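Working notes, beginning with the structure itself.
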Amino acid sequence: MTTGAPTPTHPARPRRSRLRTFLPLSIAAWLVLEIWLLSVVAGAASGLAVFVLLTAGFVLGSVVIKRAGRRAFRNLTQTLQQQQGGTPAAGTDRPGGSEGNGLLMLGGLLLMLPGLISDALGLLLLIPPLQKAISRYAERTFERKLREATPGTLGDAFQQARIRRPDGKVVQGEVIQDHGTGGTAGERRPPLTG
């Protein structure tokens, strides 16, 4: 029996991103490859050699993470001292001091994970020229994605919340421009000066 009411139309499903499609498959393939490579090395050398390799990777990774964390904390305290008007601490004029802490921590984490491929990738991330190249590439990609952000997405909200100061620093915040009516000129507040 038909009632003559129009059938409801459902909006089309948004297209699934490539990352959501291929990430689980790539993680599964990576795990299988790691296990296979560990078994090949254990067959060629011995189980003790594999155990020593994995333990050495774990210890080296924990040392790298600890060192990068200390460096990040030291950079944070130096930055806070500079912002409070204190004298800069020793070593603040060192170029690239805060650069690469995240990549160092990622490299340490990859070293701590059991597996030879993750150890090799972790060791590669400890090389400073490679760190700089990866960070520049990631920054360019991030900026490009922000420029391409469509209205209403998270990238658009992040782009709207960024304000650049004349000295080149980025200040997080939100700009609200009131073009509305109903207020007199005497009620408006003067602009903030920094």
Query raised in the report: Karplus couplings for segment 35-51 from phi (6.51 cos²θ - 1.76 cosθ + 1.60, θ = phi - 60°), rounded to Hz, Gly and Pro as x?
Result: 5, 5, 5, 5, 5, 5, 5, 5, x, 6, 9, 6, x, 5, 5, 5, 4
Query raised in the report: Between L19 and F51, what FRET efficiency comes out of the Förster formula 1/(1 + (r/R0)^6) with R0 = 35 Å and r the beta carbon distance, rounded to 0.05?
Result: 0.50
Report task. Sort the following peptides by mean Cβ neighbour count (other Cβ atoms within 10 Å, averaged over residues), highest first: 17-23, 49-55, 109-115, 39-45. Result -> 109-115, 49-55, 39-45, 17-23
Query raised in the report: Once phi is turned into ³J(HN,Hα) by the Karplus curve 6.51 cos²θ - 1.76 cosθ + 1.60 with θ = phi - 60°, what whole-Hz value does each residue of segment 59-69 show in order, with x for glycine and proline?
Result: 5, 4, x, 5, 5, 5, 5, 4, 5, 5, x
Requested in this report: Could you go through segment 125-142 in sequence order and give the Karplus-derived ³J(HN,Hα) for each residue, using 6.51 cos²θ - 1.76 cosθ + 1.60 with θ = phi - 60°, rounded to whole Hz, and x for Gly and Pro?
Outcome: 6, 8, 7, x, x, 5, 4, 5, 5, 5, 5, 5, 5, 5, 5, 5, 5, 4
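Every read-out reported here was derived from the displayed coordinates using simple, explicitly stated rules and does not represent laboratory data. From a predicted model like this one, the values you see are computed outputs, not experimental measurements. Here Cβ is always computed from backbone atoms with ideal geometry, including for glycine, and neighbour counts include all displayed protein chains.
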